[in-house]
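The values are calculated or read from the model by the stated rules, or taken from the named source; none is laboratory data. All of these numbers come straight from a predicted model, not from anything done at the bench. Glycine also receives a Cβ, built like all others from the backbone with ideal geometry; neighbour counts cover every protein chain displayed.
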Amino acid sequence: MYEKEQAKAEILIEAIPYIRKFAGETVVIKYGGSAMVDERLKKAVIKDVAMLKYLGLNPIIVHGGGKEITATLDKMGKETVFVDGLRVTDAETAGVAEMVLSGSIGKSLVENLESVGIRACGINGKDGHTLMAKKKVDEKGRDLGFVGEIECVDKTLINTLINADFVPVISPVGVDSFSQTYNVNADYAASAIAGALNAQKLVFMTDVEGILRDKDDPKSIIRRMNAREALELIEDGTIKGGMIPKVECCLDAIRKGVKSVHVLDGRLPHSILLEIFTAEGIGTMLTPEGLNG
C-alpha cells in the first residue's frame, strides 16, 4: 500500500552519508546544453541547485550561452564565424556576448532561483576583476579577436556572496588590466573558478550520458575513472573527437585542485542530485589519482 512512499524514504536514507560528507563544501556547476533551453529541464536544474543550498552545500553556477549569442547576432544581421569550435570575436561581438550572458541569461537564472526561495546574485568576470584574462591565440597561432583565456581568479567577490548566503551566478566574461573585455569559454571559466575555490566538485552539464568508451553506445558509459586512466583513454583513441576537449577541461580542473569532476547528461531531469546523492550516480566521475603535474 505504501510502496511508493517507502521507496522515497529509501532514497532519502541513501542520501544521508553524502549530505553529511558534502555539507559546507563548494560545488561548481557549469550549466549549458539542452538544460538551458528546455523549460522543463531548466526548472529541474533550478530545483536541484536549491536543494543543494538547502542541504548545506555552497553551489555556484557558471553558465554558457553560445546559442543565444548566435541567435542575437543573427537578428542583428551579423555573421558568426567559428574557428575549430571557437567564436571569432570582434569588439561588437564581445559586447553582444556580454549583454546576452550577463543580461538576459544571468538575470533569468537569478530570477528563477529567487522564485524558489534561494537568494542569488548574477556577476560576470569583470565585476571585482574576478576573472582576469588575456587574449587567447589558438594552437595554430591564429588571432581570434577578443577571445580570452583566464590568467587568474580573484575569489573576493565570490566568497563575499557565499558568506552572505547568496548563490553566485557567474557569466564567463573576462577582463584584462587595461579593462578590455574578453569572451571566455564557459567550461574553462568553471574549471578555473572551481580550482581557485578548492571546490569539492565541478559538475559539467552536457548533452551526452557521460564519457563513453563507444560514442555511439550509451551503455558504454564509464561511471568512474581516475586521471591516469583518462589520459590513457585519450592516448589509445578511446576518447576522441569532441569529447577530448571536455575531458581535458576535467583534467585541468583536477590539476587546479578540484576533488572530483562529473560529466552529466543534462537532458535527464535532476541529474545533479542523482549524481551527488546516490551510490551509483548517473554520469561519469573523474578523480585525481595518477595525475602528475
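Some notes on this structure:
- Whichever residue in region 207-229 is in a helix (DSSP H, G or I) and either buried (at least 24 other Cβ atoms within 10 Å of the Cβ) or in contact (Cβ under 8 Å) with a residue 24 or more places away in the chain (or both) and, among such residues, is nearest to the chain's Cα centre (by Cα): 227
- Residues located in region 69-102, provided they are of a type in the set (D, E, K, R), surrounded by 18 or more Cβ atoms within 10 Å (Cβ to Cβ) and in a helix (DSSP H, G or I): 98
- Subset of region 267-280 (residues that are touching an Asp or Glu at 6+ places or on another chain (Cβ under 7 Å), buried (at least 18 other Cβ atoms within 10 Å of the Cβ) and closer than 13 Å to residue 209 by Cβ): 271
- For the residues 178, 204, the requirement of being surrounded by fewer than 21 Cβ atoms within 10 Å (Cβ to Cβ) and of a type outside the set (S, T, N, Q) singles out 178.
- Listed by first and then second residue, the pairs linking a residue in region 45-60 that is outside any strand (DSSP E or B) to a residue that is among the polar types (S, T, N, Q), with Cβ atoms under 7 Å apart and 6 or more places separating them unless they lie on different chains, are 46/112.
- Restricting attention to region 230-254 and to residues that are within 22 Å of the chain's Cα centre (by Cα) and farther than 19 Å from residue 30 by Cα, the residue that is modelled with the lowest pLDDT turns out to be 241.
- Residue within region 185-201 that is assigned to a strand (DSSP E or B) and under 15 Å from the mean Cα position of the chain (by Cα) present: yes
- Candidate set from region 1-21 (those that are more than 23 Å from residue 198 (Cβ to Cβ) and surrounded by 12 or more Cβ atoms within 10 Å (Cβ to Cβ)); member that is nearest to the chain's Cα centre (by Cα): 15
- Flag not set for residue 263, criterion: of a type outside the set (D, E, K, R), closer than 17 Å to residue 205 by Cα and in a helix (DSSP H, G or I).
- Scanning region 22-43 for residues that are surrounded by fewer than 19 Cβ atoms within 10 Å (Cβ to Cβ) and either of a type outside the set (Gly, Ala, Ser) or out of contact with any Leu (no Cβ under 8 Å at 6 or more places or on another chain) (or both) returns 25, 37, 38, 39, 40, 42, 43.
- For region 103-123, the set of residues classified as outside any loop (DSSP other than H, G, I, E, B), at pLDDT 90 or above and small (Gly, Ala, Ser) consists of 106, 108, 115, 120, 122, listed by residue number.
- Failed item in (1) under 23 Å from residue 21 (Cα atoms); (2) among the charged types (D, E, K, R); (3) not in a loop (DSSP other than H, G, I, E, B), with residue 232 passing the rest: (1)
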